[in-house]
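Just dropping this structure here.
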Amino acid sequence: MSNIEQIQRRTIRVLALGQVLGGFGLGSVLSIGSLLARDLSGSEAWAGSAATFSTLGAAIWAIPLSRLAYARGRRISLGTGAALAITGALTVIEAAHLRVFPLLLLGIFLLGAGSATSLQARFAATDIPSAGKTGRSIGLVVWATTVGAVTGPNLFGPGEQLGHLLGLPEKTGPFLFTVAAQIASTLIFWFGLKPDPLKYAQQLQKDAGKAKHKISIKSAIATLKVNPVARFAVISVALSHMVMVSVMSMTPVHMQDMGYDVVVVGFTISLHIAGMYAASPVMGFLADKLGKKPMILFGQSIYLFAIAFSSFGQNDRWMVTIGLALLGLGWSASTVAGSALLASSLPPEEKTNVQGLSDSLMNLSGATGGALAGTILSLVAFGGLNLFALLPTTAIVLMALITRTKN
């Protein structure tokens, strides 16, 4: 085994371990956050603001964090993102204590940096060249999020008990687990990513006589204009995320209206997140073997089944649960394959630049979906919201038909 392969394997192990812990905060933001938003705002239409500001935060932070990674390395960037997320979790708790809705939105916006960090970690798995294993590398790092992300929503009950013992406001206890998990994952990234994978890859480029490029949004957009495959990958990941966020963020509100408590909601969200992450190594393997575009289309076909279950079975808890689990699987196939397609279609010197823009657009799409979801829910109920989610899925399928790819 070459030295490069040894470093890559170590990098994947460290990223995976860090993602195990970093995943604990994912469920709390979108599910408990939506309940807090409705409580503090006094309006169901504002319940979607939690998803909006979380994904908007992830979108805004994605580009500066990617630039920081390019300039200083992944360790600095991932650590900075975690620090912002910790600040956000503490701000959410204080907002609930003061009952100030705008402060809650600020906290959730800062928490979005944690999502941006998690997304960046999957691309960090592809910094060091690994021919023919792009999908598997991304899939393994995404899969590692499963443990924390699935366990996190089931800690809503214990989190509430801990929060009560400490005198915290209702529904804020679970955010204590977010703080602890982000601290732990940061320590793992900081001490484990040696050598830093991005700095190591840049050194390989320098040794090969290739100059370091200056990165900017303008140059990333220019790259996408002349690279239709990368453009399709970016759009498919963004619109797939919009579908997932819009439906997932309103599910806790819909289930609470059905009369279910936070424990049942947490279990349902856990199954959804298991669908998002648990099968990602399989999705990555299939993307490498069968092709990235076929797997993106496979993800859209799963979305169709998810929408059918959730829309036509909107008044049945188990139909909604099955639909949400399938929604997670569709996201997994689309995001892993789309990310792998993007990584494999870009020259090394443009990867970090375009990947940062992709994460930003992905989360802006999610923010748009979250912003519209609350209003759509209030107008046409949960079933109607799911049917609206067919629009981005249709757009991805049409774009796939006109984009030629080699993998």
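The values are calculated or read from the model by the stated rules, or taken from the named source; none is laboratory data. Source: prediction; values computed, not measured. We place every Cβ from the backbone using ideal geometry, glycine too, and count neighbours over all the protein chains shown.
How about segment 380-407: which of its residues are of a type outside the set (A, V, I, L, M, F, W, C) and within 21 Å of LEU286 (Cα to Cα)?
Step one: list which residues in segment 380-407 are of a type outside the set (A, V, I, L, M, F, W, C), which gives 383-384, 386, 392-394, 403-407.
THR393, THR403, ARG404, THR405, LYS406, ASN407, listed by residue number.
Could you tell me which numbered condition ASP257 fails, if it satisfies all but one of (1) crowded, with 22+ Cβ neighbours inside 10 Å; (2) over 20 Å from the mean Cα position of the chain (by Cα)?
The single condition ASP257 does not satisfy is (1).
Further, regarding this structure: So ALA45 clears everything in (1) modelled with pLDDT of 80 or more; (2) over 15 Å from LEU104 (Cβ atoms) except one condition, right? Which one?
In the conditions (1) modelled with pLDDT of 80 or more; (2) over 15 Å from LEU104 (Cβ atoms), ALA45 misses (1) alone.
Return a yes/no flag: does segment 340-351 have any residue that is of a type outside the set (Lys, Arg) and closer than 23 Å to HIS272 by Cα.
Yes, some residue in segment 340-351 is of a type outside the set (Lys, Arg) and closer than 23 Å to HIS272 by Cα.
Another question, then. Taking segment 128-138, which residues are modelled with pLDDT under 85 and on the phi < 0 side of the Ramachandran plot? Quick ask: steps written out before the conclusion?
The initial filter retains those residues of segment 128-138 that are modelled with pLDDT under 85, namely 128-137.
Scanning segment 128-138 gives ILE128, PRO129, SER130, ALA131, LYS133, THR134, GLY135, ARG136, SER137.
Any residue at all in segment 268-282 that's assigned to a helix (DSSP H, G or I), over 30 Å from ARG9 (Cα atoms), touching a helix residue (DSSP H, G or I) at 6+ places or on another chain (Cβ under 9 Å) and not acidic (Asp, Glu)?
Initially, segment 268-282 is screened for residues assigned to a helix (DSSP H, G or I), giving 268-277, 280-282.
Now narrow it down to the ones that are over 30 Å from ARG9 (Cα atoms): 268-269.
Those still in the list that are touching a helix residue (DSSP H, G or I) at 6+ places or on another chain (Cβ under 9 Å) too: 268-269.
If we keep only those that are not acidic (Asp, Glu) too, we end up with 268-269.
Among the residues of segment 268-282, at least one is assigned to a helix (DSSP H, G or I), over 30 Å from ARG9 (Cα atoms), touching a helix residue (DSSP H, G or I) at 6+ places or on another chain (Cβ under 9 Å) and not acidic (Asp, Glu), which makes the answer yes.
Table: residues versus (1) at pLDDT 80 or above; (2) aromatic (Phe, Trp, Tyr); (3) crowded, with 23+ Cβ neighbours inside 10 Å.
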residue	(1), (2), (3)
LEU176	yes, no, no
ALA184	yes, no, no
PHE189	yes, yes, yes
LYS210	no, no, no
SER219	yes, no, no
VAL226	yes, no, no
PHE232	yes, yes, yes
HIS241	yes, no, yes
